[in-house]
Amino acid sequence: MTHRPLMSDQTLFRDPALFEITHLPEVFNYRDTQLEDLAFALRPALRGVRPLNTVLRGIPGTGKTTAVRLLFAEIEEMTQAVVPVLVSCQTERTEYAVFSRIFLALSGHLPPPSGVSNVRVMAGVAHALAERGAVLVVCLDDVTRLIADGTLDSVLAPLLRMHEAWPGVRTGVVLTLSTPEADLSRALGPSTLSVLQASEVLFPPYTAAEVRGILADRVKAGVYPGVVPPAVLDLVVERTMASGDLRIGLDLVKRAVLTAEKEARTEVTAGDVLSAFAVSRHLHLAVAVEALAPAERAVLHAVLREEREGGPAIAGRVYDRLCGEMGYAAFSERLRKLETLRLVDLYVRPGRGRTREVVVREGVGEVVAPQAGVAEEEECRYETGEG
């Protein structure tokens with residue numbers, strides 16, 4: 001083998017990390033108002049008192065998580081009297097997982113994986129806070145997942161009421177919501193809502209001019225001059241606006257530049273962008289599908305199979321594909337979770353009873369694309385204990 005692509009040192013990137021969706025920008029344009037509103041809510045913590053609880057609302061890719069990460073990083077540089085903890089609800093989906101992440105931030109290690117109750121973990125958190133005399137600020141990032149699982153109230157209540165069990169402990173929360181229509185009053189009990197008393201900060205979609213400004217800055221800093229011509233950048237902006245998610249634009253640039261690099265060209269073409277868009281446009285769906293529990297994924301596969309074989313996907317027929325390996329109540333709950341996560345839509349069809357039709361949202365089928373081994377027979381062998 002004479003060609004060794006992994007050893008090639010020729011690249012069109014100055015800094016490819018600038019196009020990762022987790023990159024924290026040095027300059028965060030077009031969100032001054034939102035940053036100031038969030039800073040105002042967190043400022044009391046710097047004076048040793050509880051911050052204002054806050055909800056950040058906006059569709060995916062509007063800067064909610066970036067705003068939190070920037071201000072949390074600033075707090076960490078300024079003081080040790082405030083402990084900011086960012087918890088991704090896409091991965092930390094149970095009370096124990098969330099509380100363990102907070103415990104880790106305070107103690108430097110995770111609690112034992114089993115045999116320890118949530119109360120004991122929270123007691124450890126409270127003890128560490130009391131020893132430090134610190135204020136705890138927790139961001140539950142993308143709480144739509146906890147709403148879908150029905151666990152948001154059981155996660156929030158102990159955090160908000162920690163001072164009742166451990167006097168002197170001060171805590172506050174920031175919640176990010178990527179489904180602006182989500183109603184917290186339906187996901188939380190009255191007692192939790194009364195303590196939350198959250199102010200709201202709206203993150204509107206970026207305008208085309210703002211998207212172009214952000215992407216142009218990243219291109220200027222992240223790739224060499226001339227690699228992304230103005231006309232090609234215009235196409236990236238157009239596709240980004242069509243998807244409504246800035247993260248897709250960043251992913252588009254990265255994939256298009258990688259394609260040009262692979263083909264030993266020094267300039268990205270419109271064709272590179274269009275090819276990349278076929279993958280990038282479903283980025284947010286891929287994240288949601290990846291976070292599904294096995295039981296939820298089994299239901300989604302069954303819906304897709306029913307649609308592919310002629311549909312429409314009637315809930316009862318979808319359930320039959322699972323061969324009774326989960327109860328109908330659990331099946332219905334998982335369907336509702338998929339709807340909350342915006343992977344499917346549920347419609348009640350006219351006629352006798354409440355016949356429900358399940359419609360998979362555009363792009364989900366491409367993301368889920370049948371994997372080897374996911375056949376109907378295996379759906380029938382699915383065990384609810386796995387989910």
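The values are calculated or read from the model by the stated rules, or taken from the named source; none is laboratory data. On a predicted model such as this, the values are computed, not experimentally measured, just so you know. No Cβ is skipped: glycine too gets one built from the backbone with ideal geometry, and neighbour counts run over all protein chains shown. In case anyone asks, the SASA skips ligands and DNA or RNA and just uses the protein heavy atoms, side chains included. Shrake-Rupley method; radii C 1.70, N 1.55, O 1.52, S 1.80 Å.
Could you do me a favour and compute the accessible area per residue for the chain, 1.4 Å probe, result in Å²?
Numbers: 19060 Å² over 387 residues.
Using a 1.4 Å probe on heavy atoms only, each residue of the chain averages 49 Å².
Using only Cα positions of the chain, each an equal point scatterer, no hydration layer, compute I(q)/I(0) via Debye at q = 0.07 Å⁻¹ and quote the log10 values to two decimals. Each listed q maps to, in turn, -0.39.
On the protein heavy atoms, probe 1.4 angstrom, tell me the percent of accessible surface of segment 160-315 carried by carbon and sulfur. Show your work: numbers first, answer last.
Numbers: 3910 of 6900 Å².
After summing per-atom areas, the C and S share lands at 57 percent.
Karplus-derived 3J(HN,Hα) values for segment 186-191, using 6.51 cos²θ - 1.76 cosθ + 1.60 with θ = phi - 60°, are 8, 9, 10, x, x, 5 Hz; glycine and proline are entered as x.
Given an 8 Å cut-off on Cα distances and at least 6 residues of separation, report the relative contact order of the chain as a percent. Don't skip to the end; give the middle numbers.
Numbers: 548 pairs, mean separation 68.0, N = 387.
Relative CO of the chain lands at 18 percent.
Amide H contacts of Ala313: Val358, each under 5 Å away and 5 or more positions distant or on a separate chain (H built 1.01 Å from N in the peptide plane; Pro and chain starts excluded). Scanning the chain for GluC sites (Glu not before Pro) in DSSP loops with at most 15 other Cβ atoms within 10 Å, what's the longest stretch left with none? Between the exposed loop sites, the longest stretch runs 27-180. Once both labels are positioned 7 Å from their Cα atoms along Cα-to-Cβ, the gap between Gln90 and Phe28 label points is 1.8 nm. Amide hydrogen proximity for Val344: with H placed 1.01 Å from N in the peptide plane, the residues at 5 or more positions away or on another chain lying under 5 Å are Glu339, Arg361.
Give me the distance between the Cα centres of segment 161-213 and segment 23-56, rounded to whole Å. Taking the Cα centre of segment 23-56 as reference, the centre of segment 161-213 is 13 Å away.
Which value at 222 nm does the chain reach when only helices count, each DSSP H run of 4 or more adding -39,500 (n - 2.57), with the total divided by all residues and rounded to the nearest 500 deg cm²/dmol?
On the way: 19 runs with 198 residues, N = 387.
Computed mean residue ellipticity for the chain: -15000 deg cm²/dmol.
Whole-Hz Karplus values for segment 108-117 come out as x, 8, 7, x, x, x, 8, x, 10, 7 Hz, taken residue by residue from phi with 6.51 cos²θ - 1.76 cosθ + 1.60 and θ = phi - 60°; glycine and proline positions read x. Note that segment 58-68 has calculated 3J(HN,Hα) couplings of x, 5, x, x, 10, x, 4, 5, 4, 4, 5 Hz, one per residue in order, obtained from phi through the Karplus relation 6.51 cos²θ - 1.76 cosθ + 1.60 (θ = phi - 60°); glycine and proline are x. Ignoring lysines fewer than eight residues from Lys262 along the same chain, the ones with Cα atoms less than 30 angstrom from its Cα are Lys220, Lys254. Using a Gaussian network model of the chain in which every pair of alpha carbons under 10 angstrom is joined by a spring, one finds that among Ala39, Ala157, Ala17 the greatest mean-square fluctuation is at Ala17. Using a Debye calculation, one point per C-alpha and no hydration shell, please list log10 I(q)/I(0) for segment 47-108 at q = 0.16, 0.20, 0.21, 0.30 Å⁻¹ in order. With one equal scatterer per Cα and no solvent, log10 I(q)/I(0) is -0.66, -1.02, -1.10, -1.30.
Database remark: amide H of Val83 closer than 5 angstrom to the amide H of Val135, Leu136, Val137 (H placed geometrically; neighbours at sequence offset of 5 or more, or on other chains; Pro and chain starts carry no H). With no solvent and one equal point scatterer per Cα, compute the Debye intensity ratio I(q)/I(0) for segment 280-329 at 0.22 Å⁻¹ and report its log10, rounded to two decimals. Each listed q maps to, in turn, -0.84. Within the accessible surface of segment 1-119, defined with a 1.4 Å probe on protein heavy atoms only, the carbon and sulfur portion equals 55 percent.
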